[in-house]
Amino acid sequence: MDFVSVKFFIKKTKGKNGVRIEENLDKIPENKRSLYQELNVKLRPLTWSLSNRLNKECLVKDKNTGFDEIDSFLYQEKKLKLALLEWNLMDDLGNPVIINDESIMNLNPLIAEAILAAYNRESYLSDRERKELITDVSVYIRSLYSDRGNYKVSPPPEIIEISLFDKFGWTPEEVDRIPLKRLQKMFLVMNEKDSSTEVAKEQALKKSREQQK
(Lines give C-alpha, C1' and ligand atoms only; values in the text may rest on other atoms or scores of the structure.)
Protein backbone atom coordinates (compact mmCIF):
# COMPACT_ATOMS: atom_id res chain seq x y z
CA MET A 1 0.00 0.00 0.00
CA ASP A 2 1.36 3.42 -0.95
CA PHE A 3 1.47 6.23 1.56
CA VAL A 4 1.39 9.99 1.30
CA SER A 5 4.38 11.51 3.06
CA VAL A 6 4.71 15.21 3.83
CA LYS A 7 7.37 17.17 5.71
CA PHE A 8 7.38 20.55 7.44
CA PHE A 9 9.69 22.60 9.59
CA ILE A 10 7.98 24.13 12.60
CA LYS A 11 9.13 26.80 15.03
CA LYS A 12 7.12 27.89 18.05
CA THR A 13 6.54 31.64 18.28
CA LYS A 14 5.10 34.10 20.80
CA GLY A 15 2.67 35.57 18.30
CA LYS A 16 -1.05 34.86 18.14
CA ASN A 17 -0.52 31.97 15.71
CA GLY A 18 1.89 30.19 18.05
CA VAL A 19 3.95 28.61 15.27
CA ARG A 20 5.80 29.40 12.08
CA ILE A 21 5.76 26.73 9.37
CA GLU A 22 8.09 26.30 6.42
CA GLU A 23 7.90 23.52 3.83
CA ASN A 24 11.31 24.23 2.34
CA LEU A 25 14.42 24.07 4.53
CA ASP A 26 16.25 26.35 2.10
CA LYS A 27 13.93 29.21 3.08
CA ILE A 28 15.20 29.06 6.66
CA PRO A 29 18.49 30.89 7.39
CA GLU A 30 21.16 28.42 8.45
CA ASN A 31 21.73 30.17 11.78
CA LYS A 32 18.03 29.72 12.67
CA ARG A 33 17.43 26.14 11.53
CA SER A 34 18.14 24.74 14.99
CA LEU A 35 15.01 26.55 16.22
CA TYR A 36 12.78 24.46 13.95
CA GLN A 37 11.45 20.96 14.51
CA GLU A 38 11.23 18.73 11.44
CA LEU A 39 7.73 17.26 11.30
CA ASN A 40 7.33 14.15 9.16
CA VAL A 41 3.79 12.95 8.54
CA LYS A 42 2.57 9.76 6.89
CA LEU A 43 -1.03 9.60 5.66
CA ARG A 44 -3.33 7.03 4.15
CA PRO A 45 -3.88 7.66 0.40
CA LEU A 46 -7.24 9.19 -0.47
CA THR A 47 -8.76 6.29 -2.39
CA TRP A 48 -12.08 6.21 -4.19
CA SER A 49 -13.54 4.25 -1.28
CA LEU A 50 -12.26 6.67 1.36
CA SER A 51 -13.48 9.66 -0.64
CA ASN A 52 -16.99 8.18 -0.89
CA ARG A 53 -17.01 7.39 2.82
CA LEU A 54 -16.08 10.97 3.69
CA ASN A 55 -18.78 12.35 1.43
CA LYS A 56 -21.46 10.16 3.01
CA GLU A 57 -20.39 10.80 6.61
CA CYS A 58 -20.22 14.56 6.15
CA LEU A 59 -23.64 15.10 4.60
CA VAL A 60 -25.88 17.47 6.55
CA LYS A 61 -29.32 18.82 5.71
CA ASP A 62 -29.48 22.51 4.90
CA LYS A 63 -32.07 24.12 7.18
CA ASN A 64 -33.16 26.59 4.51
CA THR A 65 -33.36 24.40 1.42
CA GLY A 66 -33.86 20.98 2.97
CA PHE A 67 -31.24 19.54 0.62
CA ASP A 68 -28.24 17.48 1.71
CA GLU A 69 -24.88 19.18 1.44
CA ILE A 70 -21.35 18.45 2.62
CA ASP A 71 -20.24 20.19 5.80
CA SER A 72 -16.80 21.42 4.72
CA PHE A 73 -15.46 21.82 8.28
CA LEU A 74 -16.60 18.34 9.27
CA TYR A 75 -15.16 16.98 6.02
CA GLN A 76 -11.69 18.38 6.74
CA GLU A 77 -11.82 17.18 10.35
CA LYS A 78 -12.81 13.63 9.41
CA LYS A 79 -10.33 13.54 6.54
CA LEU A 80 -7.48 14.35 8.92
CA LYS A 81 -8.62 11.77 11.47
CA LEU A 82 -9.02 9.02 8.87
CA ALA A 83 -5.87 9.79 6.92
CA LEU A 84 -3.26 10.34 9.62
CA LEU A 85 -1.13 7.26 10.25
CA GLU A 86 2.21 8.39 11.68
CA TRP A 87 4.05 11.53 12.73
CA ASN A 88 7.02 12.50 14.87
CA LEU A 89 5.30 15.39 16.64
CA MET A 90 6.60 16.20 20.12
CA ASP A 91 4.91 18.02 22.99
CA ASP A 92 6.45 20.88 25.01
CA LEU A 93 8.31 18.37 27.19
CA GLY A 94 9.80 16.54 24.23
CA ASN A 95 7.52 13.52 24.51
CA PRO A 96 6.00 11.90 21.41
CA VAL A 97 2.40 12.90 20.73
CA ILE A 98 0.20 9.86 20.12
CA ILE A 99 -2.20 10.13 17.17
CA ASN A 100 -5.80 9.99 18.34
CA ASP A 101 -8.93 12.12 18.03
CA GLU A 102 -7.95 14.26 21.02
CA SER A 103 -4.42 15.05 19.84
CA ILE A 104 -5.69 15.80 16.34
CA MET A 105 -8.34 18.20 17.63
CA ASN A 106 -5.72 19.86 19.84
CA LEU A 107 -3.38 20.52 16.91
CA ASN A 108 -2.41 24.10 16.27
CA PRO A 109 -4.78 25.14 13.43
CA LEU A 110 -1.86 26.21 11.24
CA ILE A 111 -0.27 22.77 11.54
CA ALA A 112 -3.55 21.02 10.74
CA GLU A 113 -4.13 23.29 7.74
CA ALA A 114 -0.58 22.72 6.48
CA ILE A 115 -0.98 18.94 6.68
CA LEU A 116 -4.35 19.06 4.89
CA ALA A 117 -3.07 21.42 2.19
CA ALA A 118 -0.11 19.15 1.43
CA TYR A 119 -2.35 16.06 1.52
CA ASN A 120 -4.84 17.66 -0.87
CA ARG A 121 -2.06 18.57 -3.31
CA GLU A 122 -1.06 14.91 -3.41
CA SER A 123 -4.65 13.63 -3.59
CA TYR A 124 -6.26 15.75 -6.33
CA LEU A 125 -5.30 16.79 -9.82
CA SER A 126 -4.33 20.44 -10.00
CA ASP A 127 -5.49 22.66 -12.87
CA ARG A 128 -1.98 22.57 -14.30
CA GLU A 129 -1.85 18.77 -14.15
CA ARG A 130 -5.24 18.54 -15.87
CA LYS A 131 -4.14 20.80 -18.71
CA GLU A 132 -0.83 18.99 -19.18
CA LEU A 133 -2.47 15.56 -19.16
CA ILE A 134 -5.14 16.60 -21.67
CA THR A 135 -2.43 18.02 -23.94
CA ASP A 136 -0.29 14.86 -23.70
CA VAL A 137 -3.22 12.57 -24.53
CA SER A 138 -4.44 14.80 -27.34
CA VAL A 139 -1.00 14.99 -28.98
CA TYR A 140 -0.54 11.23 -28.71
CA ILE A 141 -3.95 10.36 -30.19
CA ARG A 142 -3.53 12.81 -33.06
CA SER A 143 -0.13 11.33 -33.86
CA LEU A 144 -1.78 7.95 -34.45
CA TYR A 145 -3.93 9.42 -37.21
CA SER A 146 -1.32 11.65 -38.81
CA ASP A 147 -0.66 11.20 -42.53
CA ARG A 148 2.79 9.85 -41.74
CA GLY A 149 1.30 7.18 -39.49
CA ASN A 150 4.26 7.37 -37.15
CA TYR A 151 4.31 6.59 -33.46
CA LYS A 152 7.09 8.91 -32.40
CA VAL A 153 4.94 10.41 -29.66
CA SER A 154 5.16 8.14 -26.62
CA PRO A 155 1.81 7.29 -25.00
CA PRO A 156 1.24 8.84 -21.56
CA PRO A 157 1.37 6.23 -18.77
CA GLU A 158 -2.32 6.82 -18.12
CA ILE A 159 -3.24 5.49 -21.57
CA ILE A 160 -1.41 2.28 -20.72
CA GLU A 161 -3.26 2.06 -17.39
CA ILE A 162 -6.62 2.50 -19.10
CA SER A 163 -5.73 -0.27 -21.55
CA LEU A 164 -4.88 -2.57 -18.66
CA PHE A 165 -8.13 -1.62 -16.94
CA ASP A 166 -10.13 -2.61 -20.03
CA LYS A 167 -8.10 -5.75 -20.61
CA PHE A 168 -8.17 -7.22 -17.10
CA GLY A 169 -11.50 -5.86 -15.86
CA TRP A 170 -10.58 -4.79 -12.34
CA THR A 171 -13.17 -5.46 -9.68
CA PRO A 172 -14.80 -2.69 -7.60
CA GLU A 173 -12.74 -3.86 -4.61
CA GLU A 174 -9.55 -3.31 -6.60
CA VAL A 175 -10.76 0.10 -7.75
CA ASP A 176 -11.48 1.04 -4.13
CA ARG A 177 -7.79 0.65 -3.35
CA ILE A 178 -6.66 2.94 -6.15
CA PRO A 179 -5.71 6.48 -5.03
CA LEU A 180 -8.33 9.01 -6.07
CA LYS A 181 -5.83 11.12 -7.96
CA ARG A 182 -4.94 8.16 -10.19
CA LEU A 183 -8.61 7.50 -10.86
CA GLN A 184 -9.08 11.16 -11.76
CA LYS A 185 -6.34 10.79 -14.31
CA MET A 186 -7.94 7.67 -15.74
CA PHE A 187 -11.36 9.23 -16.20
CA LEU A 188 -9.78 12.35 -17.66
CA VAL A 189 -7.78 10.27 -20.11
CA MET A 190 -10.83 8.23 -21.14
CA ASN A 191 -12.82 11.35 -21.94
CA GLU A 192 -10.00 13.12 -23.73
CA LYS A 193 -9.04 9.95 -25.60
CA ASP A 194 -12.53 9.64 -27.09
CA SER A 195 -12.73 13.34 -27.89
CA SER A 196 -9.27 13.53 -29.45
CA THR A 197 -9.83 10.35 -31.45
CA GLU A 198 -12.91 11.79 -33.13
CA VAL A 199 -11.12 15.06 -33.90
CA ALA A 200 -8.08 13.24 -35.24
CA LYS A 201 -10.22 10.99 -37.46
CA GLU A 202 -12.09 13.96 -38.88
CA GLN A 203 -8.86 15.80 -39.60
CA ALA A 204 -7.32 12.74 -41.25
CA LEU A 205 -10.44 12.17 -43.37
CA LYS A 206 -10.56 15.81 -44.41
CA LYS A 207 -6.89 15.78 -45.40
CA SER A 208 -7.34 12.56 -47.34
CA ARG A 209 -10.23 14.03 -49.30
CA GLU A 210 -8.24 17.15 -50.10
CA GLN A 211 -5.34 15.05 -51.39
CA GLN A 212 -7.67 13.10 -53.66
CA LYS A 213 -8.96 16.24 -55.38
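Quick one: in the stretch 135-181, which of the residues that are at pLDDT below 70 and among the hydroxyl-bearing types (Ser, Thr, Tyr) is farthest from Ser49 (Cα to Cα)?
Across the stretch 135-181, the extreme among qualifying residues is Ser146.
Check the stretch 61-80 and report whether any residue there is touching a Phe, Trp or Tyr at 6+ places or on another chain (Cβ under 8 Å) and either of a type in the set (Asp, Glu) or at pLDDT below 95 (or both).
Yes, the stretch 61-80 has at least one match.
If we scan the stretch 22-31, do we find a residue that is in contact with a Leu (Cβ under 9 Å, 6 or more places away or on another chain) and outside any loop (DSSP other than H, G, I, E, B)?
No, every residue in the stretch 22-31 fails to be in contact with a Leu (Cβ under 9 Å, 6 or more places away or on another chain) and outside any loop (DSSP other than H, G, I, E, B).
Consider only pairs whose beta carbons are under 9 Å apart and that are at least six residues apart or on different chains; among these, list those whose first residue lies in the stretch 67-94 and is free of Cβ contacts under 8 Å to residues at least 60 places away in the same chain and whose second residue is among the hydroxyl-bearing types (Ser, Thr, Tyr) and surrounded by fewer than 15 Cβ atoms within 10 Å (Cβ to Cβ).
Close Cβ pairs satisfying both conditions: Leu89/Ser103.
Looking at the stretch 118-134, which of its residues are under 17 Å from Leu50 (Cα atoms) and either in a loop (DSSP other than H, G, I, E, B) or at pLDDT below 90 (or both)?
If the condition is that a residue be under 17 Å from Leu50 (Cα atoms) and either in a loop (DSSP other than H, G, I, E, B) or at pLDDT below 90 (or both), then Tyr124, Leu125 are the ones that fit.
Yes or no, residue by residue, for (1) of a type in the set (D, E, K, R); (2) more than 18 Å from Ser5 (Cα to Cα):
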{"position": "Ile70", "(1), (2)": "no, yes"}
{"position": "Tyr75", "(1), (2)": "no, yes"}
{"position": "Lys81", "(1), (2)": "yes, no"}
{"position": "Asp101", "(1), (2)": "yes, yes"}
{"position": "Ile104", "(1), (2)": "no, no"}
{"position": "Ile111", "(1), (2)": "no, no"}
{"position": "Arg128", "(1), (2)": "yes, yes"}
{"position": "Leu133", "(1), (2)": "no, yes"}
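Out of Val4, Val19, Val41, report the one residue that is surrounded by 12 or more Cβ atoms within 10 Å (Cβ to Cβ) and either among the hydroxyl-bearing types (Ser, Thr, Tyr) or farther than 18 Å from Asp91 by Cα (or both).
Val4
The values are calculated or read from the model by the stated rules, or taken from the named source; none is laboratory data. It should be emphasised that the depicted structure is a prediction, and the values quoted were computed from it without experimental measurement. All Cβ positions, glycine included, derive from the backbone under ideal geometry; neighbour counts span all protein chains shown.
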